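Here the structure is laid out as structure tokens; the discussion comes afterwards.
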2 protein chains.
Amino acid sequence: MFKQTLKQIVTYEAGKPIELVMREFGIKQDEIIKLGSNENPYGTSAKVIQTLQDNAYKASLYPDDSMYELKNALSARFGIESKEVIIGAGSDQIIEFCMQALNHQNACVIMAKVTFAMYEVYARLAGVEICKTASEQHNLTEFLQLYNECKSRNMRISAVFLCVPNNPLGECLDAQAVEDFIKQIDKDTLVIIDGAYQEFAAHKDALKAFNPAHLVSAFENVIYLGTFSKAYGLGGMRIGYGIASEAIINMLYKVRPPFNVTTLSLQAALVALEDRAFVEKYIESNAAQMLLYEDFARENGFSFIPSYANFITLTHKCIESTHLCDWLLSKGVIVRNLASYGLNALRITIGTPQQNVRVFELIKTYLQTHN
Amino acid sequence: MFKQTLKQIVTYEAGKPIELVMREFGIKQDEIIKLGSNENPYGTSAKVIQTLQDNAYKASLYPDDSMYELKNALSARFGIESKEVIIGAGSDQIIEFCMQALNHQNACVIMAKVTFAMYEVYARLAGVEICKTASEQHNLTEFLQLYNECKSRNMRISAVFLCVPNNPLGECLDAQAVEDFIKQIDKDTLVIIDGAYQEFAAHKDALKAFNPAHLVSAFENVIYLGTFSKAYGLGGMRIGYGIASEAIINMLYKVRPPFNVTTLSLQAALVALEDRAFVEKYIESNAAQMLLYEDFARENGFSFIPSYANFITLTHKCIESTHLCDWLLSKGVIVRNLASYGLNALRITIGTPQQNVRVFELIKTYLQTHN
């Protein structure tokens, strides 16, 4: 009855929810620290909460499927046209649209060895071959090499995934280097630039800041993805966006289900986009607290990749990440074990100062008692 | 770059949103009557609104992707097991999962001539041939004939769609007749029983009431779909469910994107499911008001199909539905023109008594001035 290819699909392992920790360990909700899914540790902006409360009565009404207001707001923010925007249930839904819409006949997609797991999930569902670069982190020389190798095998390359900064490792390519790379890519290859964590990278280093308006005007085969799930504090509302030429957006619209985001998500995103003070305050806190994590790592024998996002990925040669993550979980701290990415590492979302102090204390206790 | 087959895909025409009518006709929000999308005209239950307000602060947190609580609640309600349930962003997302997961090689799908438009949209996206029965309304003799015809052409039938009651026409098959039909269908054909409007049908006539627990225990190749968008008043929250054998649910999980419903949607659905008084009151009002629509139709020269749902589909031999719908829209009343279904008909959601009085008045005025 079902496709044989589904057997290869491994179900995505999501970060653990608070409810599970409450159930499994009997820990109270307000004692749990969730730093496993790169959510905004300050929660949602007070203005967004107010909007959600004011608009709760609209829960019965289907959303405005034209998404008129939010598309206009994003257009104004980025200096693009409304018809160059598509809204998704998280930016990962737009990855899904791309994989569904692209012609993958005799083609492969290219991505870094260690990058956002959903690229592979959606590529597998589309039945397209996946080629990964040798290095774990993004390396554009390797990307180009792999691209040319695929071409020399008479394969088309339907898409190239660039995650800037990269989840779950944290490194980020320079915007200029990516542009130089795209110039060497055929026009019938879609270059997917995933900027889910761009707000943090752009704050840390201007060389890592991507300009969607510029990309779309310079390249007809690029889509830029952004999300409200991270800096904007709307992880639970499932809303993100894609910016590309009108021709690309029109094709993605063909595979978009109607009403793909909720009525309240549209309202929340509109207000979140306007409340810049909330986002900027968080980004600054993230940058300051990141330095504390780097110090903590150095002082306690952890290796780390300098991160341009709102998380840090730590490894320790004497520690098994699965064991440490499980131990932290039993203490009510949720971090992300990267074993499912084939790494002996853990990814920790940079929390509030108070949360981070607790994480540092706990990991120190673990090192003392388990080493 | 994109699939050639996308060219055939016609973008789904959604019911018009209130925001559009406000923009286009300068009508105030509270003067607009929206009876175009079969939403609950009483809105959302007060208990759900309270829950949404209380949980608005959770907007930053990804949902519990195991959907533990809601799956348990649905299991208890229907007398099934949690592993026999999958939650979707509306039940239409579960239709999408089915179309993506099924093996459509050398196969077709069967549906009624006039039925929910998304069946065809998702089938086209999956690239499977679509066979429709000759009659507009569901006719199981024709379904079986078509099924056998396809088999005699050496085609597999990957899915049969039964919409009970049928949107947008309103007729409903008897549950026993559907069971007798399924017994004649091969086990490798998935029978999709779409019960989006079941709550209304079951109230009107016990013979039209489908029992998901019974269906799943009796047939290994059936999936029953339900939604929170209609009777439960959560159209804007995008949440529905599928009930089937564990084997089917497991395969659909393979194509489900993680976090496919929002955090607040899960909370809202849980409370909506418990607030039976709200739903029952609405269903009773719907039944009573439906009789008024039938009287109105008879008195004003409209034909209608007796409806088992929360809408009625009207036709009038002297009226062009597009013209009437546009005229009503200019007066702030949104109903659904069925021209996109190839019918000269309009589908009106049964509103509150007050809304319906206004609709009757307006249509009478239209008949007097345009006939």
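I'd like to know if region B:103-111 contains one or more residues that are open to solvent by 10 Å² or more (accessible area, probe 1.4 Å), in the same structural domain as B:ASP194 (by the TED database) and assigned to a helix (DSSP H, G or I).
Within region B:103-111, the first condition is being open to solvent by 10 Å² or more (accessible area, probe 1.4 Å), and the residues that meet it are B:103-106.
Next cut, in the same structural domain as B:ASP194 (by the TED database) only: B:103-106.
Filter again for assigned to a helix (DSSP H, G or I), leaving none.
Checking region B:103-111: not a single residue is open to solvent by 10 Å² or more (accessible area, probe 1.4 Å), in the same structural domain as B:ASP194 (by the TED database) and assigned to a helix (DSSP H, G or I).
List pairs: first residue in region B:28-44 and more than 9 Å from chain A (Cβ to nearest Cβ) and among the β-branched types (Val, Ile, Thr), second residue assigned to a helix (DSSP H, G or I) and crowded, with 19+ Cβ neighbours inside 10 Å anywhere in the structure, Cβ distance under 6 angstrom, at least six positions apart or on different chains.
Short answer, once both residue conditions are applied: B:ILE32/B:ILE18; B:ILE32/B:VAL21.
Given (1) within 28 Å of A:GLU24 (Cβ to Cβ); (2) touching a strand residue (DSSP E or B) at 6+ places or on another chain (Cβ under 8 Å), where does B:ILE94 come up short, assuming only one miss?
(1)
Residues in region A:190-246 that are part of a strand (DSSP E or B) and charged (D, E, K, R): how many?
Filtering region A:190-246 for residues part of a strand (DSSP E or B) gives A:190-194, A:222-227, A:240-244.
Still in the list and also charged (D, E, K, R): A:194.
Residues meeting the conditions: 1.
When residues of region B:243-256 are filtered for being within 22 Å of the chain's Cα centre (by Cα), open to solvent by 10 Å² or more (accessible area, probe 1.4 Å) and facing another protein chain (nearest Cβ under 7 Å), how many remain?
1
Out of all the residues in region B:62-74, is one or more in the same structural domain as B:VAL216 (by the TED database), of a type in the set (Asp, Glu) and under 16 Å from B:TYR224 (Cβ atoms)? Walk me through how you get there before you give the answer.
Of all residues in region B:62-74, those in the same structural domain as B:VAL216 (by the TED database) come to B:62-74.
Narrowing the set further to residues that are of a type in the set (Asp, Glu) leaves B:64-65, B:69.
Those left that are additionally under 16 Å from B:TYR224 (Cβ atoms): none.
No, the conditions are met nowhere in region B:62-74.
Since A:GLN93 meets every condition but one in (1) modelled with pLDDT of 95 or more; (2) facing another protein chain (nearest Cβ under 8 Å); (3) at negative phi; (4) in contact with a helix residue (DSSP H, G or I) (Cβ under 7 Å, 6 or more places away or on another chain), which condition does it not meet?
(4)
Within 11 Å of another protein chain (Cβ to nearest Cβ), farther than 25 Å from A:PRO258 by Cβ and touching a Phe, Trp or Tyr at 6+ places or on another chain (Cβ under 9 Å) - does that describe any residue in region A:136-151? Spell out the reasoning first.
As a first pass, look at region A:136-151 and keep what is within 11 Å of another protein chain (Cβ to nearest Cβ): none.
No: region A:136-151 contains no residue that is within 11 Å of another protein chain (Cβ to nearest Cβ), farther than 25 Å from A:PRO258 by Cβ and touching a Phe, Trp or Tyr at 6+ places or on another chain (Cβ under 9 Å).
From the list A:ALA218, A:ALA206, which residue is out of contact with any helix residue (DSSP H, G or I) (no Cβ under 8 Å at 6 or more places or on another chain), aliphatic (A, V, I, L, M), open to solvent by 10 Å² or more (accessible area, probe 1.4 Å) and in the same structural domain as A:TYR119 (by the TED database)?
Numbers: A:ALA218 fails: out of contact with any helix residue (DSSP H, G or I) (no Cβ under 8 Å at 6 or more places or on another chain).
When all the criteria are applied, what remains is A:ALA206.
When you check B:GLU19 against the structure, is it more than 20 Å from the chain's Cα centre (by Cα), facing chain A (nearest Cβ under 7 Å), open to solvent by 40 Å² or more (accessible area, probe 1.4 Å) and closer than 27 Å to B:ALA309 by Cβ, yes or no? Quick ask: steps written out before the conclusion?
Values: more than 20 Å from the chain's Cα centre (by Cα): yes; facing chain A (nearest Cβ under 7 Å): yes; open to solvent by 40 Å² or more (accessible area, probe 1.4 Å): yes; closer than 27 Å to B:ALA309 by Cβ: yes.
So B:GLU19 passes the test.
Regarding A:GLY351, is this residue at positive phi, touching a residue at least 24 places away in the same chain (Cβ under 8 Å) and assigned by the TED database to the domain that holds A:ILE27?
Numbers: at positive phi: no; touching a residue at least 24 places away in the same chain (Cβ under 8 Å): yes; assigned by the TED database to the domain that holds A:ILE27: yes.
It is false that A:GLY351 is at positive phi, touching a residue at least 24 places away in the same chain (Cβ under 8 Å) and assigned by the TED database to the domain that holds A:ILE27.
Taking only pairs six or more apart or across chains, which ones have beta-carbon atoms under 8 Å, a first residue in region A:161-189 that is assigned by the TED database to the domain that holds A:PRO306, and a second residue that is modelled with pLDDT of 95 or more and open to solvent by less than 20 Å² (accessible area, probe 1.4 Å)?
none
Is it true that A:SER265 is away from chain B (no Cβ under 14 Å), of a type in the set (Ser, Thr, Tyr) and in contact with a Ser or Thr (Cβ under 7 Å, 6 or more places away or on another chain)? Give the derivation first.
Details: away from chain B (no Cβ under 14 Å): no; of a type in the set (Ser, Thr, Tyr): yes; in contact with a Ser or Thr (Cβ under 7 Å, 6 or more places away or on another chain): yes.
When the stated conditions are applied, A:SER265 does not pass them.
So for region B:154-162 (the condition being buried (at least 19 other Cβ atoms within 10 Å of the Cβ), under 15 Å from the mean Cα position of the chain (by Cα), more than 14 Å from chain A (Cβ to nearest Cβ) and aromatic (Phe, Trp, Tyr)), does at least one residue qualify?
Among the residues of region B:154-162, at least one is buried (at least 19 other Cβ atoms within 10 Å of the Cβ), under 15 Å from the mean Cα position of the chain (by Cα), more than 14 Å from chain A (Cβ to nearest Cβ) and aromatic (Phe, Trp, Tyr), which makes the answer yes.
Tell me, which residue of region B:347-371 that is polar (S, T, N, Q) and touching a helix residue (DSSP H, G or I) at 6+ places or on another chain (Cβ under 8 Å) is least open to solvent (accessible area, probe 1.4 Å)?
Taking region B:347-371 first, the residues polar (S, T, N, Q) are B:349, B:352, B:354-356, B:365, B:368-369, B:371.
Still in the running and touching a helix residue (DSSP H, G or I) at 6+ places or on another chain (Cβ under 8 Å): B:352, B:356.
Values: B:THR352: 22, B:ASN356: 1 Å².
Once the filter is applied, the top-ranked residue is B:ASN356.
Among the candidates A:LYS58, A:LYS47, single out the residue that is in contact with a Gly (Cβ under 7 Å, 6 or more places away or on another chain) and either in a helix (DSSP H, G or I) or among the charged types (D, E, K, R) (or both). Lay out the reasoning, then the answer.
Numbers: A:LYS47 fails: in contact with a Gly (Cβ under 7 Å, 6 or more places away or on another chain).
Sole residue among the options that is in contact with a Gly (Cβ under 7 Å, 6 or more places away or on another chain) and either in a helix (DSSP H, G or I) or among the charged types (D, E, K, R) (or both): A:LYS58.
May I ask you to verify whether A:LYS254 is more than 21 Å from A:GLU81 (Cα to Cα) and part of a helix (DSSP H, G or I)?
Numbers: more than 21 Å from A:GLU81 (Cα to Cα): no; part of a helix (DSSP H, G or I): yes.
For A:LYS254, the condition - more than 21 Å from A:GLU81 (Cα to Cα) and part of a helix (DSSP H, G or I) - is not met.
When region A:309-324 is examined, which residues are found to be in contact with a Leu (Cβ under 6 Å, 6 or more places away or on another chain) and either part of a strand (DSSP E or B) or open to solvent by 10 Å² or more (accessible area, probe 1.4 Å) (or both)?
Result: A:THR313, A:LEU314.
Consider B:GLY127 against the criteria (1) modelled with pLDDT of 95 or more; (2) at positive phi; (3) not hydrophobic (A, V, I, L, M, F, W, C): it satisfies all of them except one. Which criterion is unmet?
(1)
Consider A:GLU13 carefully, then state whether it is modelled with pLDDT of 90 or more, part of a loop (DSSP other than H, G, I, E, B), outside the structural domain of A:SER265 (by the TED database) and not polar (S, T, N, Q). I'd like the intermediate steps shown before the answer.
Values: modelled with pLDDT of 90 or more: no; part of a loop (DSSP other than H, G, I, E, B): yes; outside the structural domain of A:SER265 (by the TED database): yes; not polar (S, T, N, Q): yes.
The answer is no for A:GLU13.
So, in region B:45-78, of the ones that are more than 7 Å from chain A (Cβ to nearest Cβ) and farther than 22 Å from B:ILE243 by Cβ, which residue ends up most open to solvent (accessible area, probe 1.4 Å)?
Top of the filtered list is B:LYS47.
The values are calculated or read from the model by the stated rules, or taken from the named source; none is laboratory data. The shown structure was predicted, so the numbers you read here are calculated from the model rather than taken from an experiment. Methodologically, a virtual Cβ is constructed for each residue, glycine included, from the backbone with ideal geometry; neighbour enumeration extends over all protein chains shown. For the accessible areas, the whole protein counts, side chains as well, though only heavy atoms, and no ligand, DNA or RNA atoms are used. Shrake-Rupley method; radii C 1.70, N 1.55, O 1.52, S 1.80 Å.
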